[in-house]
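Enquirer: Below is one structure. I have some questions about it.
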Amino acid sequence: MNRKPEILAPAGTMESIIAAINGGADAVYLGGKAFNARQNAGNMTEEEITTAVALCHSHHVKVYVTLNTLIKNSELSALVESLNFLKNLNVDGLIVQDIGVIYLIQKYFPEFKLQTSTQASIYGLEGVLFFENLGFSRVVLPREMPLTEVAEIKKQSNVDLKIFCHGALCYAYSGQCLLSSMIGGRSGNRGLCAQPCRKTYELLDNDGNFYGSGYLLSPKDLNTLDDIKAIVDSGVDSLKIEGRMKTPEYVYGITRAYREKIDQAGGEKVKETMDKQAVMQVFNRDFTRGHLFNEPALLNTQVGKNRGTLIGKVIVMPESGYTGKHREYQHLPIALNEGATLALGDGLSFGEDGNIGAKVDAIFTLDGKRLEKGLGQVAIPCRHGIRPNTLVYKNSDKVLMDRLKKEGSQSVALPDMAVDFKVTIKAGKSAEIKATANGLEAQYHSEFIPEAPLRNSLEASMVAEQLSRLGETDFVLGEIQIDLDPNLFLTRGQLNSLRKEVMKVLEEKLKNNAKKEVVSLTVVPLEMELKNVQENAFEKDEKKRLSVEFTEMPSEEFLLELKDLGVDEIVLPINVQHPLEMAAFAKDQGFAVLLTLPRIMDMDYSKKFRALSDEGIFNGAAIDGLLIGNYEALNICKDQPIYLQADQAFNIFNTLATRALKNWGVSSGVLSPELDGEELKVLSENSALETVLPVYGAQELMLSKKCIFDCQDCLEKKEGSTGLCHRKMTGDLVDERRQSFPVRRDAQGTTHIYNGATLFLREEILALSGIGTWRIYHRNESLETLKTVIGYYSQEIYEKKWGLPQGLGTEGTTRGSFKRGVK
C-alpha cells in the first residue's frame, strides 16, 4: 500500500479551521476577503488568517491559501499587498488559476510554493508535465478524470497530485463555465457563481418537442469513502473535500469520516464514528462515485439541494386519530421507516424535489399525545397540506448536528508560551523583576521600596505564588529565580503589580518583535509591467484582420463562397485522421488558416496529437498556426516552430497574463469574454501578444463531460468503460425565465452549451485600437447570413452609417459583458 494521502479540508471560517483540526485533517485550504473562488463563503480577515496559520501549524496541519480567481489590471496592486502579507506567515502553498498571477508570483515572490486550482483547467498528463516543468509543487486533476488515469499520471510525473474525494460537483469543466456570468454578471471565475446549474430546465429536441425536465444540470455529490483503498493505491498525494461554504459540523463530520477510512486502509484499528448513514445525513444531493469510477448516472434531475435521508412517508390520518391543531397547524401523520427516528429540532423535506419543508417543533402520537422522540407512526404540526404517500426526508438531524458541533468545536488553542521570571528584592532599593519569553527579556523597576516587616518577613514561596498567577493569558509559568534579602516585606498586591507591569512590557516587546520580523516588502514595478510597447501597433482607423472560426468543418463549396469577401483568416476544427486536407484547400483560396484543437484534450487525444506533432506535419506551409485552448496542447507545442494562438479558454484577463503566454511561446491570444469595453481597451493596448476579439456568433458558455440527453448509450455504460457516449446530439435548454440555450454533444462526447442570444458587437469596437483581429463564430448560420455579417465587419462598420445593413438586426443578440463587465 502507498503512503497515506493528505486529507485536505475546507475552511471558510475560523470555526471550520477548528472543526478540521478536530476532524483529523492533514491540511486546510482557506481564502481571504478577496481573490478566492468562494467569495460567498465566510472567508477571513488578515488577523484571522494569521491566527489560523499559527493554530494549524501548532497542530502539524498545513495551510494552503487560495488566490484562485481571475484578476483585473486594476486589482493587481491589492494582490501585491496580499502577497506581501502572506509571505510573512510561512503558509505552505498558494492555490492559483490566473496566468498573470502565476507570472507575478514566480517573478517577484519566488518563495511561495504554487499549486494549480481546479479552475486552471488541466485535463491530463501533458498539462501536469507543463506545470511540473514550471516549478509547481502540486497539480489538481479534474473531477472528470478516471482513477486509472490518475494512477498512470502519478507513475509518469514527479509532482504532487490532488484529486477531489467528496462534495459538490460542477456540471461544467472547472474554469470553463460562463453561464452565471452571462446570465447575471456574476462570474464563477471570480468566485461569485450564482449556481445556475442548480436551477430547473426543460430540454427540447431540434423540432421543439419536449425531451425532459428537472434539475438537468445538477450533479449528485461525490462520495468515495467506499473506494478509499483503491484511491490510496493509485498513489495520489492529496484528497480534497469540497465545502468552504458548508457548516463547521459538515467540515468536522466529513473530515472525520475520511480520517477513519484512510487510517483503516492503513491497517489501523479505528472506532468508526461516521458511518454511511451519518455521512449521508450531514449533506447530500444523492451520492455518486463520479467519473473517478466511470459512473454514468452522475446527475440528479429531481433535486438541486440537500435532500437528506429518506425516513418515511405521509399517511392518511385514521378515523380515530387526533383532528385538532397545534398552534393553528394541522397534524400531519407520518409512517417512519424501520430504524428511523424523529427528534425535536429536526428538519424535514417532502417529495423527491424537496421543495417543501418543515421543522419538527413538536411530535405527537396519532391520537394526540405529546412525544419527546418519534418512532413508528407519528404526527407533527405542519402548515403545508401534504398528500398521503408523499415521501418524507430528514434534511437536518438535530441530535447528529449537536454531536458534531460538540466534537468539532473542542478547544484547539495555541500552545501557551512559557515565561521565566527573575525577581530581585533588596533592602533600600526598589523591587526589580525580569520576564523572559521566546528569547525576549522585559524589565520593570517598582516605584515602591520593600519595608521592614511588622510581623512576618516575606518568604520566597509567597513571591512564587503571586508570580505564578498568569490567569487567562497566553503564557504558562516557566522557571522562577528569586533573590530576596531577609527581614523585608511586600504586600500581595505589590507582588501582583510587579507581575502585571513586567508582563505588559514583555507583551509589547513580543508584539513589536513580530513587526520587526516582517520581511521587507517586495516592491513590484506594476506600472512598468502593465505597459507594453506593441511591436505591431495598429492605427486608430486601420482595418482589422477578419477571422471566421467554424464549429463544424465547412464544405469546399461553402468556403469558396467566402472568397473575396474580406475574410483574412479561416479557423477550422482539426481532424486528427486527416488534419490538413481542408486546410490545404482553404490555403489555396488565399485564406490564412489556423487549425483549432478541442478545448478538452484527455489523455487519449493528447497522445494522438503528440504523435502528429512529433511527425512535424504542422511545421510546414500547409497551415499558418494552431488555436489552442488548454495546457495539454501548449505543453506539446511550446517547443515546436509553429505559430500558437491562445483561445479564450486560457482566460486572458490582465496584461501580465499576456507576458506569461509570450514567455511560453504563444504569439497571440483571444481576450476573455468577461471583460468590459474599457478593460478590453487597456489590456489590448498594453498586451505583449497580438490580440483577438470575438465580435459575432454563438458564445460557448459551458463544456461538460456529463450527458443530459439520457440516451441508452449513456445509461447502459458499465463500470470500467470509457464512460462516454460518442453519438452527436443537439437540442435546446430552456430555463425558468423561458430563455433558450442551444446544446450540442460532439463526437468526443463533450457537451457544449451556448448562449441563446447571439454575440453582436457593433460600432463600440472601433475604439479598441489595440485589437488586431476581429473573430466571427460560425455555428449554424446560413451562408447568406454569414455573408451579411462578413460584409458588415469588413466594410460597412467603418462607414459609420446610422443603422444596420438589411438582414442584420439586433433582436436576439447581446453585447455580452462588453457594457456591464462582471463582478
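Enquirer: Residue separation times 0.36 nm, minus the C-alpha to C-alpha distance between Asp568 and Glu508: what's the value? Intermediate results must be reported in sequence, preceding the final value.
Expert: Values: separation 60, 0.36 × 60 = 21.60 nm, distance 6.96 nm.
Length gained, Asp568 through Glu508: 14.6 nm.
Enquirer: When the accessible area of the chain is split by element with a 1.4 Å probe, what percent falls to carbon and sulfur? If you can, show how the numbers build up before the last one.
Expert: Working: 16900 of 35590 Å².
That share works out to 47 percent.
Enquirer: Still on this model: Please give the charge dipole size of the chain, origin at the Cα centre, charges +1 on K and R Cβ atoms and -1 on D and E Cβ atoms. Round to the nearest 20 debye. Before the final figure, lay out the partial values.
Expert: Values: 96 positive and 109 negative charges, 419 e Å.
My answer is approximately 2020 debye.
Enquirer: Only sites in a loop by DSSP and with at most 13 other Cβ atoms within 10 Å count here; which GluC sites (Glu not before Pro) in the range 244-293 make the cut? Working shown, then result.
Expert: Numbers: sites: Glu249, Glu260, Glu268, Glu272; in loops: Glu268, Glu272.
The qualifying sites are Glu268, Glu272.
Enquirer: Please figure out what share of the DSSP beta bridges in the chain is antiparallel and state it in percent, rounded to the nearest 5. Let's see the in-between values first.
Expert: Working: 65 of 133 bridges.
Of those bridges, close to 50 percent are antiparallel.
Enquirer: Using +1 at the C-beta of Lys and Arg and -1 at the C-beta of Asp and Glu, which of Val571, Pro598, Ser234 has the Cα lying farthest in the positive direction of the dipole of the chain?
Expert: Going by the Cα projections, it comes out as Ser234.
Enquirer: Computed over the Cα atoms of the chain, what is the ratio Rg over Rh, Rh following Kirkwood?
Expert: Details: Rg = 32.6 Å, Rh = 30.6 Å.
Taking Rh as the inverse mean 1/r over Cα pairs, Rg/Rh reads 1.07.
Enquirer: Considering the dipole of the chain built from charges on the beta carbon (Lys and Arg +1, Asp and Glu -1) around the Cα centre, which of Gly167, Gly677, Phe760 is farthest to its positive end?
Expert: Gly167
Enquirer: Using all C-alpha to C-alpha distances in the range 612-706, build P(r) with 5 Å bins and read off the rounded percent in each one.
Expert: It works out to 2, 13, 23, 21, 17, 14, 7, 2, 0, in whole percents.
Enquirer: What does the helix-only formula give at 222 nm for the chain: each DSSP H stretch with n ≥ 4 adding -39500 (n - 2.57), the total divided by the residues, and the result rounded to the nearest 500 deg cm²/dmol? Numbers along the way, then the final one.
Expert: Numbers: 22 runs with 213 residues, N = 823.
It comes out at -7500 deg cm²/dmol, rounded to the nearest 500.
Enquirer: In Å, the Kirkwood hydrodynamic radius of the range 528-660 over pairs of distinct alpha carbons? Spell out each step's value before the answer.
Expert: Numbers: mean 1/r = 0.0614 Å⁻¹.
Here the Kirkwood hydrodynamic radius works out to 16.3 Å.
Enquirer: State the Cα centre-to-centre distance between the range 244-308 and the range 381-404 in whole Å.
Expert: Answer, in whole Å: 20.
Enquirer: Can you list the equivalent-ellipsoid semi-axes of the range 451-496, largest first and in whole Å, using the square root of 5 times each Cα gyration tensor eigenvalue? Each step should come with its number before you reach the end.
Expert: Working: eigenvalues 108, 27, 8 Å².
Equivalent ellipsoid semi-axes, largest first: 23, 12, 7 Å.
Enquirer: Additional query: Scan the range 167-274 for trypsin sites (Lys or Arg not before Pro) in coil per DSSP, keeping those whose Cβ has at most 11 other Cβ atoms within 10 Å, and list them by number.
Expert: Values: sites: Arg186, Arg190, Arg198, Lys199, Lys220, Lys229, Lys240, Arg244, Lys246, Arg256, Arg259, Lys261, Lys269, Lys271; in loops: Arg186, Lys199, Lys220, Arg244, Lys246, Lys269, Lys271.
Here the sparse-neighbourhood loop sites are Lys269, Lys271.
Enquirer: If the viscosity is 1.567 mPa s and the temperature 4 °C, what translational diffusion coefficient in µm²/s does Stokes-Einstein give for the range 356-512 when Rh comes from Kirkwood over Cα pairs? Please list the in-between numbers first.
Expert: Details: Rh = 21.1 Å.
The estimated diffusion coefficient comes to 61 µm²/s.
Enquirer: What accessible area per residue comes out for the chain, rounded to a whole number of Å², with a 1.4 Å probe? Before the final figure, lay out the partial values.
Expert: Numbers: 35590 Å² over 823 residues.
For the chain, the per-residue accessible area is 43 Å².
Enquirer: With every protein chain kept in the model, how would you rank Cys56, Cys170 by accessible area, 1.4 Å probe, largest at the top?
Expert: Details: Cys56 0, Cys170 55 Å².
Output order, biggest surface exposure first: Cys170, Cys56.
Enquirer: Output the Cα-based Rg and Dmax of the range 1-114 in Å, rounding Rg to one decimal and Dmax to a whole number.
Expert: Cα-based Rg and Dmax for the range 1-114 come out at 14.0, 49 Å.
Enquirer: With unit charges on the beta carbon (Lys/Arg positive, Asp/Glu negative), name the residue among Leu488, Gln330, Ala435 whose Cα is farthest towards the positive pole of the charge dipole of the chain.
Expert: Checked the options; the winner is Leu488.
Enquirer: DSSP loop trypsin sites (Lys or Arg not before Pro) in the range 436-516 with at most 13 other Cβ atoms within 10 Å of their Cβ, which ones? Present the calculation step by step, with values, prior to reporting the outcome.
Expert: Numbers: sites: Arg455, Arg469, Arg492, Arg499, Lys500, Lys504, Lys509, Lys511, Lys515, Lys516; in loops: Arg455, Arg469.
Here the trypsin sites (Lys or Arg not before Pro) that fit, given the DSSP loop and packing criteria, are Arg455, Arg469.
Enquirer: Averaging sequence separations of C-alpha pairs under 8 Å and six or more residues apart, then dividing by the length of the range 325-447, give the relative contact order as a whole percent. Please report the intermediate quantities before stating the final value.
Expert: Working: 195 pairs, mean separation 26.8, N = 123.
For the range 325-447, the relative contact order is 22 percent.
Enquirer: Assuming R0 = 25 Å, what is the FRET efficiency of Thr309 and Arg737, from their Cβ-Cβ distance, to the nearest 0.05?
Expert: Working: r = 33 Å, r/R0 = 1.32.
The formula returns an efficiency of 0.15 here.
Enquirer: May I ask for the equivalent-ellipsoid semi-axes of the range 593-651, computed as the square root of five times each C-alpha gyration tensor eigenvalue and listed largest first in whole Å? Before the final figure, lay out each step's value.
Expert: Values: eigenvalues 54, 41, 17 Å².
Equivalent ellipsoid semi-axes, largest first: 16, 14, 9 Å.
Enquirer: Spin-label point model (7 Å from Cα, Cβ direction): what's the Asn158 to Asp483 distance in nm?
Expert: Label at Asn158, label at Asp483, 5.9 nm between them.
Enquirer: Quick one: Kirkwood hydrodynamic radius for the range 84-174, alpha-carbon pairs, angstrom, one decimal? Walk me through the numbers on the way to the answer.
Expert: Details: mean 1/r = 0.0716 Å⁻¹.
Roughly 14.0 Å, rounded to one decimal.
Enquirer: Please go through the residue pairs Lys544/Lys587; Lys220/Lys246; Lys72/Lys305; Lys405/Lys823; Lys544/Lys819 and name each one whose alpha carbons sit more than 23 Å apart in this structure.
Expert: On the way: Lys544/Lys587 20 Å; Lys220/Lys246 16 Å; Lys72/Lys305 33 Å; Lys405/Lys823 35 Å; Lys544/Lys819 21 Å.
The answer is Lys72/Lys305; Lys405/Lys823.
The values are calculated or read from the model by the stated rules, or taken from the named source; none is laboratory data. Source: prediction; values computed, not measured. In this analysis, Cβ positions are derived from the backbone assuming ideal geometry, glycine residues included, and neighbour counts consider all displayed protein chains. For the accessible areas, the whole protein counts, side chains as well, though only heavy atoms, and no ligand, DNA or RNA atoms are used. Shrake-Rupley method; radii C 1.70, N 1.55, O 1.52, S 1.80 Å.
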